[in-house]
Amino acid sequence: MGKFEHYYTKEPQSKLKVREVTLKLKNGHEYNFKAASGVYSFKRIDKATRILLDHMSVHGKSVLDLGCGYGAIGITIKKEHPEMQVYMSDINKRAVEFAKINAKDNNVEIDIRWGDVYEPWEGMKFDMIVINPPIAAGKKVWMKMIEEAPEHLHDGGTLQVVAFHNKGGKRIKKFMEEIFGNVEDIWKEGGVRIYKSVWKR
């Protein structure tokens, strides 16, 4: 599987440390999560995640948070949009474990699975797929996340990806255009952009 950054690994070997992190949305809502060492964004909720949650385009009935980490994105979507069916997965076992803990702590019912990219979701389709991609894991990983997204989207479904435009985001946007035939920036803030592609059969 190549040598990935520690958080893109099946079973992190780092000593487990846990800390509480708080997400503050622009609407004033606050959510608390237990963050674990060896899982992305351990020290605080990262800027890109906050921007995605404040400005993504929410539609349809189902959303997949792919590469969910300890669950901040998927859990917040479920809290803000209780009518949505939310699904989350990650390759990192510790991430999945803490996503389940955080879902329980936040009193939400979410289907959370362990596995690489779309493996846990074979044969399933969603209205939205949202990704804060693990850029450090290398381009093969995020390219696979984008390339296989259409197989898991309903007609008119969207892939929404957040990234720092000058730290890999430009390439992500270009690849989304190649795969989907369309892409737009739906938000720009402090070097971060949210890219959205619509799947049309």
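The values are calculated or read from the model by the stated rules, or taken from the named source; none is laboratory data. As the structure is a computational prediction, the values presented were derived from the model and not from experiment. Here the Cβ positions follow ideal geometry from the backbone for every residue, glycine too, while neighbour counts run over all protein chains shown.
Values computed for the structure shown
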| item | result |
| --- | --- |
| Cross-chain or 6+ apart pairs with Cβ under 8 Å, segment 145-173 first and farther than 13 Å from VAL130 by Cβ, then of a type in the set (Gly, Ala, Ser) and assigned to a helix (DSSP H, G or I) | PHE164/ALA48 |
| Flag if LEU25 is in contact (Cβ under 8 Å) with a residue 60 or more places away in the chain, of a type outside the set (Lys, Arg) and farther than 27 Å from MET124 by Cα | no |
| Qualifying residue in segment 28-46 (condition: surrounded by 21 or more Cβ atoms within 10 Å (Cβ to Cβ), under 27 Å from LEU16 (Cα atoms), in contact with a Pro (Cβ under 8 Å, 6 or more places away or on another chain) and at pLDDT 95 or above) | no |
| Single match in ASP65, ASP111, ASP54 (criterion: crowded, with 18+ Cβ neighbours inside 10 Å, of a type in the set (Asp, Glu) and closer than 27 Å to GLY156 by Cα) | ASP65 |
| Selection from segment 8-27 of residues that are modelled with pLDDT of 95 or more and in a loop (DSSP other than H, G, I, E, B) | LEU25, LYS26, ASN27 |
| Enumerated strands (runs of 3 or more DSSP E) restricted to segment 66-143, each holding at least 2 residues that are charged (D, E, K, R) and farther than 23 Å from ARG171 by Cβ | 111-114 |
